[in-house]
1. For the stretch 2-81, report the accessible area per residue in Å² (1.4 Å probe, heavy atoms, rounded to an integer).
2. Please give me the summed charge of the neighbours of GLU35: other residues whose Cβ is under 12 Å from its Cβ, Lys and Arg +1, Asp and Glu -1.
3. For LEU31, which sequence-distant residues (separation of 5 or more, or a different chain) have an amide H within less than 5 Å of its own amide H, given hydrogens modelled in the peptide plane?
Amino acid sequence: MTSRFRYPKNWNEIALKVKQEANWCCQTCGLKCIEPGQSTKGINSSEIAKHRLSVHHQNYTPEDNRPQNLIALCAACHLAKHQRRRGSITPDQLELKLI
Ligand SMILES: [Zn+2]
Ligand SMILES: [Zn+2]
C-alpha cells in the first residue's frame with residue numbers, strides 16, 4: 001500500500017549511474033535521451049517527455065537495486081513494460097505519470 005516509499009534513499013544516485021552507464025540511450029530501442037544539462041531549447045514538451053530516460057526494475061521489485069535488475073529505458077519502452085503488467089501499480093508507474 002505504501003509502495004511509494006519503497007525506493008532507497010540513494011535511489012537518485014543509483015538511477016543516475018544506470019543512465020550514465022547506458023550512455024543516456026534506451027537499452028531496448030537505443031533512443032538517445034536527453035542528458036541533464038543538455039539544452040532543450042526548441043524541443044517541445046512532448047518530445048522532451050519521449051526522450052526522458054528512466055530506470056526500470058526488470059523484476060518489478062523496487063527494493064532490488066542490483067545492477068543486473070536495473071535497465072535504462074525511454075518513456076515509450078518503459079510504458080510498454082508496465083502495460084504488460086496492468087493491475088500491479090509499482091512506484092515507477094507513479095513516476096511515469098509525473099513525466
Ligand atoms: Zn526505448
Ligand atoms: Zn519500470
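1. 62 Å²
2. Details: positive: LYS19, LYS32, ARG52; negative: none.
Once all neighbours under 12 Å are counted, the net charge is +3.
3. For LEU31, the qualifying residues are CYS26.
The values are calculated or read from the model by the stated rules, or taken from the named source; none is laboratory data. A quick note: this is a predicted structure, and the numbers were derived from the prediction, not measured. Don't worry about glycine lacking a Cβ; one is built from the backbone with ideal geometry, like all the others, and counts go over all protein chains shown. For accessibility, only protein heavy atoms count, side chains too; no ligands or nucleic acids. Shrake-Rupley method; radii C 1.70, N 1.55, O 1.52, S 1.80 Å.
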